[in-house]
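I have placed the structure first, in the form of structure tokens, so that the comments after it can refer back to it.
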Amino acid sequence: MLALKQVELVAKHDHYVLVGGYNIQLAGTLDDALRKGITLTFVQLFEAERPRSYWFAEDVAVEQRTLKLSYNALLRQYQLFRDSGHASFDSEAEALAALGDFADWAVLDAKQVSKQTVYQARVRMYLDTSQLAKPLQMNAFASSRWDMDSGWREWSFKP
């Protein structure tokens with residue numbers, strides 16, 4: 001289950017960062033796969049657009065980042081790999097909390113937005129089953145137990 005618990009765009013220096021994150025609970029199938037050494041790859045997406053009355057909305061920002069969660073049975077630790085580095089956790093709960101956290105993800109340059117305009121922003125997170133081994137991809141395709149997708153969550157913001 002992927003459920004958005006909170007999301008907010010906050011100005012920080014010369015960027016806007018995402019604050020908040022997702023509550024994540026792995027289904028039994030995914031938990032078993034993780035404990036057996038399968039790396040789970042998740043994708044977080046952010047999009048911001050400027051609505052226009054005369055044409056389609058204009059994209060202001062489209063950002064994506066990949067997060068990989070794995071379990072090392074020898075060390076009995078969960079490992080989370082992000083673009084910014086990696087971290088190790090002793091419990092699955094800690095690893096899932098870190099996986100769902102936006103961790104001040106810089107998604108928008110302050111120069112890209114105007115203080116007089118209202119923008120539409122949206123976020124999404126999903127399990128990227130295309131990164132699994134081919135035999136597991138077939139299982140994921142045929143079974144809903146591998147489905148983890150938060151769907152898009154949209155809101156308006158004014159800088």
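Over all directions, what mean area does the Cα convex hull of segment 6-52 project, stated in square nanometres?
On the way: hull surface 22.5 nm².
Taking a quarter of the hull surface, the average projection is 5.6 nm².
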Nonlocal Lys pairs with alpha-carbon distance under 25 Å, the chain (8 or more apart, or different chains): 10
Paramagnetic reach from ARG35 in segment 45-82 [backbone N under 19 Å; point 7 Å along Cα→Cβ]: 69-80
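Quick one: net charge of THR117's neighbours, Cβ under 12 Å, K/R +1, D/E -1? Numbers along the way, then the final one.
Numbers: positive: ARG50, ARG52, LYS115, LYS158; negative: GLU49, GLU58.
With Lys, Arg at +1 and Asp, Glu at -1, the neighbours total +2.
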Three principal axis lengths of segment 1-142 [C-alpha, angstrom, descending]: 54, 34, 22
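Only the coordinates and a few stated rules stand behind these numbers; no lab work does. Just so it is clear, the model here is predicted, and its values are computed rather than measured. FYI the Cβ positions are ideal-geometry reconstructions off the backbone, even for glycines, and counts take in every protein chain you see.
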